[in-house]
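Down below is the structure, laid out as structure tokens.
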Amino acid sequence: MTFTPKPWPRKLRSQEWFGGTSRDHIYHRSWMKNQGLPADLFDGRPVIGIMNTWSELTPCNAHLNDLAQRVKHGIYEAGGFPVEVPVFSTAESSFRPTAMMFRNLASMAVEEQMRGQPIDGCVLMVGCDKTTPSLLMAAASTDLPSIVVTGGPMLNGWFRGERVGSGTHLWKFSEAVKAGEMNQSDFLEAEAAMSRSAGSCNTMGTASTMASMAEALGMALSGNAAIPAVDSRRRMMAQLTGRRIVQMVKDDLKPSDILTREAFENAIRVNGAIGGSTNAVIHLLALAGRVGIDLTLDDWDRLGRDVPTIVNLMPSGKYLMEEFFYAGGLPVVIKRLGEAGLLHNDALTVSGQTAWQQVADVVNWNEDVILPADRPLTEHGGIAVLRGNLAPDGAVLKPSAASAHLLVHRGRAVVFEDIDDYKARINDEALDIDETCVMVMKNCGPKGYPGMAEVGNMGLPPKVLRKGITDMVRISDARMSGTAYGTVVLHTAPESAVGGPLAVVQTGDMIELDVPARRLHLDIPDAELARRLADWTPAVTPPQGGYAQIFHSHVQGADTGADFDFLRGCRGAGVGRDSH
Ligand code: FES
């Protein structure tokens, strides 16, 4: 794609606040000068907002203040004026009821901060799962020149000589305790071993996936995704990002120039190759909605289906992000896709180069981490989109994280009405369930939970675990942590809280899953299904008051990205009237 930079110098939007001698201009400059800022910073140079999701309650982003200083260095070096702006931060590890409930709120808040303040371009400082999509969505909606720099993943976790991955081993150890294979004190000892350094989850979970998506979309500098948080090269990346955004503003290189359909198609294919999180489906659908690109679930299935997963990282594989970086990181994967004809090579990126130009010379330094084409981790990576009478609007499954023997399965449903019902009964030895059953959980979709929590990978019943069984078919309208694994059908739409067919499944019904045929079927007569749906009454009471009410009233289905209906589309960054 060809991009023609705008001529420089020209008047930027920040000059609406700073560039003149009126009372209002003096007002805006004078207050800023209480920080000891020299007059020449207001002379028309690009003002860059460093949108920083630092928070001590978002541990994955708790080191971003340090990194922001390096971004600032870079902005000054390139002749810009950096302003650090703390923005809404969503911690995956602790935000209740789920960080996903606040992705849209964060994006809306950041969008308004971008639009309402004297900012010409933005550095999006993100890391933990939802921080990356929320700020990308904000940037897409304002269309101000923007670039992502992530905080980077934690170093490898190690426990008793073995790699332990964020999240992935939490689920594994927890199941081992339930199965009687690990004692509680060992589990407690492993706690600190899982999180050895600053940074986000070190598996190919949602944070690493979204960092990779940002890079694959062209919204971050090449190589950004995998550099560990504490590696000195992460600081260098931050500084280079600061330098680059100044030139992007001068050139007027905007998200709408980069976030094209081709960019999304590249990202979907990269997701298949890295064995990325199912959460990327929701976030990219929402992001595409902000820039008016008609991306659908079927695009995910069609584009990802023939992409082999070649990145051997947990939860699907063996290694962690640290090794991925040492092997060459995402640029090697992008190059591989380009060589295989699976990449839009000429997609534009924030560097001003095309996707291909950036990776043409990279080398794979470890073929056990980034596997050769003839021995992929999974032949067909990507995301399988299932449809049928149980999911008319679609459901997703990640084949690379599923068990091969369960990809075609017929089993008796054991239904949990919601997460509380599941928690109350799953450990009951009298529960009528075995490994051939299909676990079904309702009311965990966007409106049902609310926020669509990551509870879809329901832990197995202890009596099944004690047999050495580690996987069963599970179906819900929930999401799943990107660090999790299993034959787990997620995002079933329409969700049960709005009367989707999932709402009327009963214990004892037979369910058929056929991943190769992309089919999810409730084996009851059509007339019986119609009768149950006609008799259905909502089990979830809409919340009254506050943000929860806004969320419930406006959130859309998982099949279109669970964005708010009123946030779709680009509203631009037009400067409104002054308040003084
Ligand atoms: Fe923050 Fe995983 S919990 S990245």
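Among residues belonging to segment 387-409 that are touching a His at 6+ places or on another chain (Cβ under 9 Å) and at pLDDT 95 or above, point out the one that is surrounded by the fewest Cβ atoms within 10 Å (Cβ to Cβ). Don't jump to the end; show me each part of the working.
Filtering segment 387-409 for residues touching a His at 6+ places or on another chain (Cβ under 9 Å) gives 388-391, 394-396, 399-400.
Then drop every residue that is not at pLDDT 95 or above, which leaves 388-391, 394-396.
Working: Gly388: 19, Asn389: 14, Leu390: 27, Ala391: 26, Gly394: 25, Ala395: 28, Val396: 27.
The selected residue is Asn389.
Flag not set for Gly459, criterion: surrounded by 23 or more Cβ atoms within 10 Å (Cβ to Cβ) and in contact with a helix residue (DSSP H, G or I) (Cβ under 9 Å, 6 or more places away or on another chain).
Within segment 433-456, being buried (at least 24 other Cβ atoms within 10 Å of the Cβ) and touching a residue at least 60 places away in the same chain (Cβ under 8 Å) holds for Val438, Val440, Lys442, Asn443, Gly445, Pro446, Lys447, Gly448, Tyr449, Gly451, Met452, Glu454.
Being surrounded by fewer than 13 Cβ atoms within 10 Å (Cβ to Cβ) and among the aromatic types (Phe, Trp, Tyr) holds for only one residue in Phe551, Phe566, and it is Phe566.
Which residue is surrounded by the fewest Cβ atoms within 10 Å (Cβ to Cβ), if the candidates are limited to segment 315-327 and must be part of a helix (DSSP H, G or I) and in contact (Cβ under 8 Å) with a residue 60 or more places away in the chain?
Step one: list which residues in segment 315-327 are part of a helix (DSSP H, G or I), which gives 321-327.
Restricting the remaining residues to those that are in contact (Cβ under 8 Å) with a residue 60 or more places away in the chain gives 321-325.
Values: Met321: 34, Glu322: 23, Glu323: 20, Phe324: 29, Phe325: 22.
Here the residue is Glu323.
Return the pairs, sorted by first residue and then second, in which the second residue is among the hydrophobic types (A, V, I, L, M, F, W, C), the first residue lies in segment 22-38 and is closer than 21 Å to Pro82 by Cβ, the beta carbons are less than 6 Å apart, and the residues are 6+ apart or on different chains. From residues that are closer than 21 Å to Pro82 by Cβ, the pairs are His28/Trp17; His28/Phe18; Arg29/Phe18; Arg29/Phe42.
For the condition surrounded by 24 or more Cβ atoms within 10 Å (Cβ to Cβ) and more than 18 Å from Ala548 (Cα to Cα), what is the one hit in Ser146, Ser93, Ser89?
Values: Ser93 fails: surrounded by 24 or more Cβ atoms within 10 Å (Cβ to Cβ); Ser89 fails: more than 18 Å from Ala548 (Cα to Cα).
Testing whether each residue is surrounded by 24 or more Cβ atoms within 10 Å (Cβ to Cβ) and more than 18 Å from Ala548 (Cα to Cα) leaves just Ser146.
Taken together, the residues in segment 104-120 that are under 16 Å from Gln15 (Cβ atoms) and within 22 Å of the chain's Cα centre (by Cα) amount to 0. When we screen Leu284, Leu313, Leu320 for residues that are closer than 25 Å to Gln556 by Cα and of a type outside the set (Asp, Glu), the only hit is Leu284. Could you tell me whether any residue of segment 289-298 is under 21 Å from the mean Cα position of the chain (by Cα) and on the phi > 0 side of the Ramachandran plot? Yes: segment 289-298 contains one or more residues that are under 21 Å from the mean Cα position of the chain (by Cα) and on the phi > 0 side of the Ramachandran plot. For Gly79, indicate whether it is surrounded by fewer than 18 Cβ atoms within 10 Å (Cβ to Cβ), in a loop (DSSP other than H, G, I, E, B) and touching a Leu at 6+ places or on another chain (Cβ under 9 Å). No, not satisfied.
Of everything in segment 187-212, what is among the aliphatic types (A, V, I, L, M), within 14 Å of the ligand (Cβ to nearest atom) and assigned to a helix (DSSP H, G or I)? Give them in sequence order. I'd like the intermediate steps shown before the answer.
So in segment 187-212, the residues among the aliphatic types (A, V, I, L, M) come out as 188, 190, 192-194, 198, 204, 207, 210-211.
Restricting the remaining residues to those that are within 14 Å of the ligand (Cβ to nearest atom) gives 194, 198, 204, 207, 210-211.
Passing the criteria: Ala207, Met210, Ala211.
What do you reckon, is Glu111 among the charged types (D, E, K, R) and at pLDDT below 95? No. Within segment 471-489, residues that are within 16 Å of Asp514 (Cα to Cα) have Cβ atoms under 8 Å from residues that are within 16 Å of the ligand (Cβ to nearest atom) and polar (S, T, N, Q) in these pairs: Arg474/Asn457; Gly486/Asn457; Val488/Asn457, counting only partners at least 6 apart in sequence or on another chain.
Gly44 - would you say it is more than 16 Å from the ligand (Cβ to nearest atom), at positive phi and at pLDDT 95 or above? Outline the logic, then answer.
Numbers: more than 16 Å from the ligand (Cβ to nearest atom): yes; at positive phi: yes; at pLDDT 95 or above: yes.
So Gly44 passes the test.
How many residues does segment 328-361 hold that are in a helix (DSSP H, G or I) and within 22 Å of the chain's Cα centre (by Cα)? Qualifying residue count for the region: 7. Contact annotation: residue pairs with Cβ atoms under 7 Å, 6 or more positions apart or on different chains, pairing a residue in segment 84-95 that is near the ligand (Cβ under 9 Å from one of its atoms) with a partner that is acidic (Asp, Glu) and at pLDDT 95 or above, are Glu92/Asp129.
Evaluating Cys60 against the criteria (1) over 21 Å from Thr150 (Cα atoms); (2) in contact (Cβ under 8 Å) with a residue 12 or more places away in the chain; (3) assigned to a helix (DSSP H, G or I) leaves one unmet condition, (1). Pairs meeting the criteria (first residue in segment 509-528 and within 16 Å of Cys437 (Cβ to Cβ), second residue surrounded by 12 or more Cβ atoms within 10 Å (Cβ to Cβ) and among the basic types (Lys, Arg), beta carbons under 6 Å, at least 6 apart or on different chains) are Glu512/Arg410.
In segment 147-186, what residues are assigned to a loop (DSSP other than H, G, I, E, B) and more than 16 Å from the ligand (Cβ to nearest atom)? Outline the logic, then answer.
At the first step, the residues of segment 147-186 found to be assigned to a loop (DSSP other than H, G, I, E, B) are 151-152, 154-156, 160-161, 165-167, 179-183.
Residues satisfying the conditions are Arg160, Gly161, Ala179, Gly180, Glu181, Met182, Asn183.
Within the option set Glu56, Glu77, being closer than 20 Å to Arg233 by Cβ and out of contact with any Pro (no Cβ under 7 Å at 6 or more places or on another chain) holds for one residue only, Glu77.
Mind counting the residues in segment 121-146 that are within 16 Å of the ligand (Cβ to nearest atom) and either among the hydroxyl-bearing types (Ser, Thr, Tyr) or not in a helix (DSSP H, G or I) (or both)? Before you say what the answer is, go through the steps one by one.
First, the residues of segment 121-146 that are within 16 Å of the ligand (Cβ to nearest atom): 124-136.
Add one more test, that the residue is either among the hydroxyl-bearing types (Ser, Thr, Tyr) or not in a helix (DSSP H, G or I) (or both), and what stays is 124-132, 134.
Summing the residues that are within 16 Å of the ligand (Cβ to nearest atom) and either among the hydroxyl-bearing types (Ser, Thr, Tyr) or not in a helix (DSSP H, G or I) (or both) in segment 121-146 gives 10.
Does Ala267 fit the bill of being aliphatic (A, V, I, L, M), within 21 Å of Ser55 (Cα to Cα) and away from the ligand (no atom under 16 Å from the Cβ)? In short, no.
With respect to Gly572, is the statement that it is under 30 Å from Ile26 (Cα atoms) and touching a residue at least 24 places away in the same chain (Cβ under 8 Å) true? Here the answer is yes, as Gly572 does meet what is asked.
The values are calculated or read from the model by the stated rules, or taken from the named source; none is laboratory data. Values in this document were obtained by computation on a predicted structure and should not be read as measured data. Reconstructed Cβ throughout: ideal geometry from the backbone, glycine too, with neighbour counts over all protein chains shown.
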